[in-house]
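Visitor: Structure below; questions to follow.
The values are calculated or read from the model by the stated rules, or taken from the named source; none is laboratory data. Quantities reported herein were computed from a predicted structural model and do not represent experimental measurements. Using ideal geometry, Cβ is built from the backbone for each residue, glycine included, and neighbour counts are taken over all protein chains shown. The protein model used for the area step is the full one, side chains on, heavy atoms only, and it has no ligands, DNA or RNA in it. Shrake-Rupley method; radii C 1.70, N 1.55, O 1.52, S 1.80 Å.
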Amino acid sequence: IASVLIINWAAAQTTDSSATITSSKISYQFIYNPRSNRVEVKQISKTSYVSNGYQVTLPISEVYNDDLSIDGVECKVDNHTPANFAPKFSYMSISDVFYSDARVCYFPLSMPKVGSTATVTFNETITDPRFFNNVFFPEEMDVNAKEVVIKIPHWMKVDIKELNFGKLSITKDSTYDSKNDMDIITWTADDLP
């Protein structure tokens, strides 16, 4: 089984200065699921925020569909799960046009004071690696540190293409995990606009 993955830097359109992303880590691992007899990609994204003002509320959303499932969502604000944390899952519509395969998970992330910290984690499964084709570095706000990790077992062939890195200082590190017989490729970047 082969897959092509593009690691891409594309400039963000606008930024939100009410909060800063202190760290963003996205991990992808190719696995074989014997129950469904297919290769899947397990994705874990963990984003940490710090509030730059009082009563900051950020809209958090994650789009999914029939080929991408959300297996779990966690939220912590100042090291506690908010009492009213209840992510909503619904079908997505744009300008009253209903898209049957597009869905969204969303919730407000409220940080009460300057310096409040929050962490949001999504656990997801991409059920067909053909749909795992782009990874983007930019976020909706400034990022202090970003890390993208891809774990590729040796039985899987993946072509990776890095695009639009330009003059940004994005570093790449590759290691071999002999215990799990997989390559681990990590891209890191600091102070991303």
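Visitor: With respect to the numbered conditions (1) surrounded by fewer than 17 Cβ atoms within 10 Å (Cβ to Cβ); (2) over 12 Å from the mean Cα position of the chain (by Cα); (3) part of a strand (DSSP E or B); (4) β-branched (Val, Ile, Thr), which one is the sole condition not fulfilled by residue 152?
Guide: Against the list (1) surrounded by fewer than 17 Cβ atoms within 10 Å (Cβ to Cβ); (2) over 12 Å from the mean Cα position of the chain (by Cα); (3) part of a strand (DSSP E or B); (4) β-branched (Val, Ile, Thr), residue 152 comes up short only on (1).
Visitor: For the stretch 124-149, which positions are part of a strand (DSSP E or B) and either open to solvent by 30 Å² or more (accessible area, probe 1.4 Å) or in contact with a helix residue (DSSP H, G or I) (Cβ under 7 Å, 6 or more places away or on another chain) (or both)?
Guide: So in the stretch 124-149, the residues part of a strand (DSSP E or B) come out as 124-126, 134-136, 143-149.
Answer for the stretch 124-149, where residues must be part of a strand (DSSP E or B) and either open to solvent by 30 Å² or more (accessible area, probe 1.4 Å) or in contact with a helix residue (DSSP H, G or I) (Cβ under 7 Å, 6 or more places away or on another chain) (or both): 134, 136, 144, 145, 147.
Visitor: I need the strands (runs of 3 or more DSSP E) fully contained in the stretch 1-69, keeping only those with at least 3 residues that are at pLDDT below 90 and under 23 Å from residue 145 (Cα atoms).
Guide: Numbers: elements: 2-8, 19-33, 38-51, 56-64.
Those strands (runs of 3 or more DSSP E) span 2-8.
Visitor: Can you name every residue in the stretch 168-193 that is in a loop (DSSP other than H, G, I, E, B) and small (Gly, Ala, Ser)? Give the derivation first.
Guide: Applying the first criterion (in a loop (DSSP other than H, G, I, E, B)) to the stretch 168-193 yields 168-169, 178-181, 193.
169, 178 - these are the residues of the stretch 168-193 that are in a loop (DSSP other than H, G, I, E, B) and small (Gly, Ala, Ser).
Visitor: Then there's this: Criterion first (more than 23 Å from residue 132 (Cα to Cα) and within 15 Å of the chain's Cα centre (by Cα)) does residue 48 satisfy it? Walk me through it before giving the result.
Guide: Values: more than 23 Å from residue 132 (Cα to Cα): yes; within 15 Å of the chain's Cα centre (by Cα): yes.
Yes: the conditions hold for residue 48.
Visitor: Take the stretch 58-91 and flag every residue that is open to solvent by less than 80 Å² (accessible area, probe 1.4 Å), out of contact with any Asp or Glu (no Cβ under 9 Å at 6 or more places or on another chain) and more than 30 Å from residue 132 (Cα to Cα).
Guide: Result: 77, 78, 82.
Visitor: Also, quick follow-up: Taking the stated definitions as given, is residue 124 modelled with pLDDT of 95 or more and closer than 14 Å to residue 63 by Cβ? Write out each step before concluding.
Guide: Numbers: modelled with pLDDT of 95 or more: yes; closer than 14 Å to residue 63 by Cβ: yes.
So residue 124 passes the test.
Visitor: Filter the stretch 155-182 down to the residues that are at pLDDT below 90 and on the phi > 0 side of the Ramachandran plot, then identify the one that is surrounded by the most Cβ atoms within 10 Å (Cβ to Cβ).
Guide: 164
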